[in-house]
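The values are calculated or read from the model by the stated rules, or taken from the named source; none is laboratory data. Everything quoted here is computed from the prediction, not taken from an experiment. Every residue, glycine among them, receives a Cβ derived from its backbone with ideal geometry; neighbour counts consider all protein chains shown.
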């Protein structure tokens with residue numbers, strides 16, 4: 001029963017983290033494509049030129065990919081060190097998410113004002129060289145969301161000239177339609193910042209559900225790690241109603257569970273002080289749920305297990 005639960009937990013963790021790893025690979029690929037094909041795609045803020053959409057997607061994809069890899073390998077190999085590393089990375093991500101969420105709500109007004117000001121400064125990069133990605137990003141946002149500028153269409157005047165806005169600000173897009181924005185009935189009046197906020201507000205239920213799913217998967221991974229770790233913390237054996245048990249040292253915990261099982265046999269035999277030399281010993285393990293027979297001619301695929309088996313008989 002214990003082995004069945006462990007196998008179920010192990011493969012659940014492997015499946016979750018395989019999904020994480022594939023998502024990370026996808027995000028990394030998209031980020032690299034944006035970086036190569038679009039340059040500094042969506043570098044809205046001149047204060048943080050490296051904080052482009054492409055670099056952000058690459059960073060997030062890399063973190064997710066590494067985390068998923070550690071989780072997959074740790075689960076399938078049942079390696080204590082890999083599982084611990086994965087747990088630490090996952091804990092850091094969870095704490096970072098929590099801290100950012102708290103800071104966002106505490107300083108929401110200040111964040112809004114600073115974001116608007118920084119985005120307005122970023123408009124100055126619209127027609128500069130090596131910022132084709134930024135120009136494309138603004139054009140797409142304004143055309144798709146029916147908005148113009150950050151707070152309104154007049155944000156473009158200091159950048160493009162008096163009464164001039166990008167053509168994508170026009171309600172009916174045509175060549176040089178933004179050359180004369182004095183006729184406000186022809187351009188979108190609402191700023192893109194307000195439109196984006198409205199979009200988030202309209203889709204808050206979907207975004208909240210997606211966020212909860214991610215959080216549940218992260219917490220589930222943590223629970224699985226705890227469950228797996230709890231089965232690898234120590235060893236125990238009983239003989240004629242006598243029970244002996246112990247915990248693994250930090251060094252021993254890094255070994256594979258098959259090695260730990262054999263080590264548990266050695267510790268149990270030493271604790272019971274059984275005269276096993278020249279006899280056949282049968283033992284039952286929780287990991288494999290099979291009966292193994294050890295004798296002086298025992299052979300395994302692992303040199304560690306061979307040496308440990310020989311030590312048992314010495």
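For this structure, a couple of remarks:
- Inclusion of residue 171 among residues that are within 25 Å of residue 211 (Cβ to Cβ) and either in the same structural domain as residue 36 (by TED's automatic domain parsing) or loosely packed, with under 14 Cβ neighbours inside 10 Å (or both) is not warranted.
- Condition met for residue 89 (in contact (Cβ under 8 Å) with a residue 40 or more places away in the chain and either assigned by TED's automatic domain parsing to the domain that holds residue 212 or more than 25 Å from the chain's Cα centre (by Cα) (or both)): no
Quick grid of which residues meet (1) modelled with pLDDT under 80; (2) surrounded by 17 or more Cβ atoms within 10 Å (Cβ to Cβ):
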{"residue": "30", "(1), (2)": "no, no"}
{"residue": "34", "(1), (2)": "yes, yes"}
{"residue": "37", "(1), (2)": "yes, no"}
{"residue": "55", "(1), (2)": "yes, yes"}
{"residue": "76", "(1), (2)": "yes, no"}
{"residue": "79", "(1), (2)": "yes, yes"}
